[in-house]
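Written below as structure tokens is the structure these notes are about.
The values are calculated or read from the model by the stated rules, or taken from the named source; none is laboratory data. Keep in mind that this is a model prediction, so the values were computed, not measured. Quick reminder, even Gly has a Cβ in these numbers, built from the backbone with ideal geometry, and neighbours come from all protein chains shown.
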Amino acid sequence: MKRYMILGASRGLGHSFAHGLPKGGDEVILVSRTEPDMSSLPKEIHPQWIGADLSKIESIDALKKDVGDKPIDVLIYNAGIWETKRFEETSREDIAAICNVNFVSALYAVQQFIGNIKASKLKKIVLVGSTAGLENEGAKSVTYTATKFALRGMCHSLRENYREDGIGITVLNLGGMATDIAYTQGAQEALSQYKNTRIPVDDVINLVKCLISLSPASTIKEIDMPAQFDADS
């Protein structure tokens with residue numbers, strides 16, 4: 001039995017992780033501001049939803065109290081938001097929210113739950129980044145891009161700190177995705193609708209399955225996964 005924690009699980013890729021990763025008897029803790037639809041999740045898994053607004057870092061404290069000292073085999077930080085206006089038009093409040101959701105709460109969540117991860121058998125952390133955080137990628141969303149750069153640095157430094165604990169930490173730098181096509185609809189639906197220009201969520205789930213299956217002798221620090229027709233990455 002494995003226990004997953006997915007932060008940013010209400011819809012899109014996060015909700016698809018809950019469908020595609022756990023197997024029979026596994027537990028999955030879904031963390032999001034709004035309650036996800038759990039009716040379509042496989043019957044043989046054991047889901048639990050915990051409400052948390054990740055734009056407020058104190059929500060991580062409440063989350064820790066709810067989870068306690070339960071071992072966590074796989075922690076996935078998937079939450080992410082971005083600015084919808086030009087940089088000079090973006091409010092200070094929106095900038096703070098983007099930083100908190102995309103990076104600060106990720107940092108604090110790993111800090112709070114590192115003991116839970118150490119107590120598990122698998123000891124895996126997956127941070128969902130973006131190709132926007134790669135060098136010279138050309139993204140214009142200033143705050144969003146800065147937070148995705150920060151996730152990469154966080155991943156590399158965490159590995160140096162927890163190498164001897166055997167914790168595998170990976171950041172996935174993902175390109176344009178077909179997150180509106182659910183995992184339950186299948187990859188072919190995403191391929192047909194977007195003509196191979198966006199990544200099906202199935203591909204990311206298969207990638208994370210591979211990471212989870214690796215032995216403690218191996219670690220993958222960083223994976224760049226642009227869409228095939230994304231010329232900037």
Any chance you could count how many residues in the range 180-214 are among the polar types (S, T, N, Q), under 17 Å from N78 (Cα atoms) and touching a His at 6+ places or on another chain (Cβ under 9 Å)? 0
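For the range 172-189, indicate whether the set of residues that are of a type outside the set (A, V, I, L, M, F, W, C), modelled with pLDDT of 95 or more and either farther than 23 Å from Y108 by Cβ or surrounded by 20 or more Cβ atoms within 10 Å (Cβ to Cβ) (or both) is non-empty. Walk me through how you get there before you give the answer.
Residues of the range 172-189 of a type outside the set (A, V, I, L, M, F, W, C): 173, 175-176, 179-180, 183-186, 188-189.
Filter once more, keeping what is modelled with pLDDT of 95 or more: 173.
Filter once more, so that each one left must be either farther than 23 Å from Y108 by Cβ or surrounded by 20 or more Cβ atoms within 10 Å (Cβ to Cβ) (or both): 173.
Looking for residues that are of a type outside the set (A, V, I, L, M, F, W, C), modelled with pLDDT of 95 or more and either farther than 23 Å from Y108 by Cβ or surrounded by 20 or more Cβ atoms within 10 Å (Cβ to Cβ) (or both), one finds at least one in the range 172-189, hence yes.
Pick out, from the range 1-112, the strands (runs of 3 or more DSSP E) lying fully within it that include 1 or more residues that are touching a Lys or Arg at 6+ places or on another chain (Cβ under 7 Å), among the acidic types (D, E) and surrounded by fewer than 23 Cβ atoms within 10 Å (Cβ to Cβ). Lay out the reasoning, then the answer.
Details: elements: 3-7, 27-32, 46-51, 74-77.
Answer list for the range 1-112: 27-32.
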Counting only residues in the range 42-56 that are without any contact (Cβ under 8 Å) to a residue 40 or more places away in the chain and touching a helix residue (DSSP H, G or I) at 6+ places or on another chain (Cβ under 6 Å), the one farthest from I6 (Cα to Cα) is identified as D53
Pairs, please: C-beta under 8 Å, at least 6 apart or cross-chain, first residue within 10 Å of L7 (Cβ to Cβ) and at pLDDT 95 or above and in the range 99-114, second of a type in the set (S, T, N, Q) and part of a helix (DSSP H, G or I)? S105/S59
Inspect the range 119-139 for any residue being hydroxyl-bearing (S, T, Y), under 19 Å from the mean Cα position of the chain (by Cα), closer than 30 Å to A217 by Cβ and in a helix (DSSP H, G or I) and give the result as yes or no. yes
Between a residue in the range 131-145 that is surrounded by fewer than 16 Cβ atoms within 10 Å (Cβ to Cβ) and any residue that is among the aromatic types (F, W, Y) and modelled with pLDDT of 90 or more, which pairs come within a Cβ distance under 9 Å, given they are 6 or more apart or on different chains? E135/F149
For I45, are the conditions met, namely being of a type outside the set (S, T, Y) and under 17 Å from the mean Cα position of the chain (by Cα)? no
Subset of the range 160-169, residues assigned to a helix (DSSP H, G or I) and surrounded by 17 or more Cβ atoms within 10 Å (Cβ to Cβ), comes to Y162
Taking the range 10-42 and the residues there that are more than 20 Å from G186 (Cβ to Cβ) and within 16 Å of the chain's Cα centre (by Cα), the one that is modelled with the lowest pLDDT would be S10
Taking the residues in the range 1-41 that are touching a residue at least 60 places away in the same chain (Cβ under 8 Å) and among the polar types (S, T, N, Q) as candidates, determine which candidate is farthest from N100 (Cα to Cα). S40
Can you tell me which residues in the range 189-233 are part of a helix (DSSP H, G or I) and touching a Leu at 6+ places or on another chain (Cβ under 8 Å)? V201, V204, I205, L207, V208, K209, I212
